[in-house]
Amino acid sequence: MAENLNTNQIIEPSETEMVNEDNKKETKATRINRWKTYIQISNLGAIARRYFVMNAFDGALTMLGVVIGASLANITEPLIIISAGISGSFAMGISGFSGAYMAERAERTKELKALEKAMLTEMRDESLHKEAAKFATRVTALVDALSPALAALIVISPFFFVCLGSIDMRFAFFSSLILTLIILSSLGVYLARVTEESMLRHGLKMLVVGLVTALLCSLVAIALGGTVIA
């Protein structure tokens, strides 16, 4: 009889487990609200946007130059371009993170000291403004690191398909050029949405910059002995 009762008994979660689950949800919501507060205090949104656009722009155009130079130099091995691209992306990510972190930390420290001077008191390490400054510095550094690296990897992505035998080097070259122009025009549209201006005009401006960059890189490569892709 006891065995039947134990077998048929419905096991319900204990009150402790339910409380722990509620605490987890509350902690997550509290953390998100705290991050929103940090973003407002530090004006992180505008700063992160600038870093994102500038560095994605740099990453895409830098890798486009690598692709054009390698292609006009008659590089027929896609792994060479992939290796150069990944190494360049990795380097841009590290330099972006470290450079942005140090620069942003210095600026935030300067602002905090000015605020302490105006308040005639020294803020505690766990104060809201200091925590917001630390949060903004870390997020800005991450944005600065990831945006150029991701843009660069997108530009060289067609050459992975060359390794798989899906496309040839010529098609990969023009695909990289098209992807770069798509990235640049997308950044232009994003900026237009931020400024509430013409998306077409901003997109075309970015396209012109990309085409001019491609032309100049091609001329330099040809001047150094490269040959035009037929």
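Values computed for the structure shown
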{"item": "Tally of residues being in contact (Cβ under 8 Å) with a residue 12 or more places away in the chain and either exposed (fewer than 12 other Cβ atoms within 10 Å of the Cβ) or of a type in the set (Lys, Arg) (or both) across the stretch 202-217", "result": "1"}
{"item": "Residue tally, condition at pLDDT below 85, in a helix (DSSP H, G or I) and either surrounded by 12 or more Cβ atoms within 10 Å (Cβ to Cβ) or of a type outside the set (D, E, K, R) (or both), over the stretch 106-133", "result": "17"}
{"item": "Only one of Ser83, Ser71, Ser87 that is among the small types (Gly, Ala, Ser), buried (at least 19 other Cβ atoms within 10 Å of the Cβ) and under 23 Å from Thr180 (Cβ atoms)", "result": "Ser71"}
{"item": "Tally of residues being in contact with a Leu (Cβ under 8 Å, 6 or more places away or on another chain) and small (Gly, Ala, Ser) across the stretch 167-191", "result": "3"}
{"item": "Helices (runs of 4 or more DSSP H) lying entirely in the stretch 1-91 (those with 2 or more residues that are modelled with pLDDT under 80 and under 30 Å from Leu142 (Cα atoms))", "result": "15-42"}
{"item": "Per-region count, the stretch 89-105, residues within 12 Å of the chain's Cα centre (by Cα) and of a type in the set (Phe, Trp, Tyr)", "result": "1"}
{"item": "Filtered residues of the stretch 142-179 (kept if of a type in the set (Ser, Thr, Tyr) and more than 22 Å from Ile94 (Cα to Cα))", "result": "Ser166, Ser175, Ser176"}
{"item": "Pair list, Cβ < 6 Å and 6+ apart or interchain, from the stretch 89-114 residues that are on the phi < 0 side of the Ramachandran plot to residues that are assigned to a helix (DSSP H, G or I) and acidic (Asp, Glu)", "result": "Gly96/Asp144; Ala100/Asp144"}
{"item": "Filter result (farther than 16 Å from Leu150 by Cα and either crowded, with 19+ Cβ neighbours inside 10 Å or touching a residue at least 24 places away in the same chain (Cβ under 8 Å) (or both)) within the stretch 160-174", "result": "Val162, Cys163, Met169, Arg170, Ala172, Phe173"}
{"item": "The listed residue being farther than 25 Å from Val162 by Cβ and polar (S, T, N, Q), out of Thr180, Thr213, Thr195", "result": "Thr195"}
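Quick grid of which residues meet (1) in contact with a Gly (Cβ under 9 Å, 6 or more places away or on another chain); (2) more than 17 Å from Ala214 (Cβ to Cβ):
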| position | (1), (2) |
| --- | --- |
| Arg31 | no, yes |
| Lys36 | no, yes |
| Asn43 | no, yes |
| Tyr51 | yes, yes |
| Phe57 | no, no |
| Gly65 | no, no |
| Gly69 | yes, no |
| Leu79 | no, yes |
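The values are calculated or read from the model by the stated rules, or taken from the named source; none is laboratory data. Just so you know, these numbers come straight off a predicted model, no measurement behind them. Every residue, glycine among them, receives a Cβ derived from its backbone with ideal geometry; neighbour counts consider all protein chains shown.
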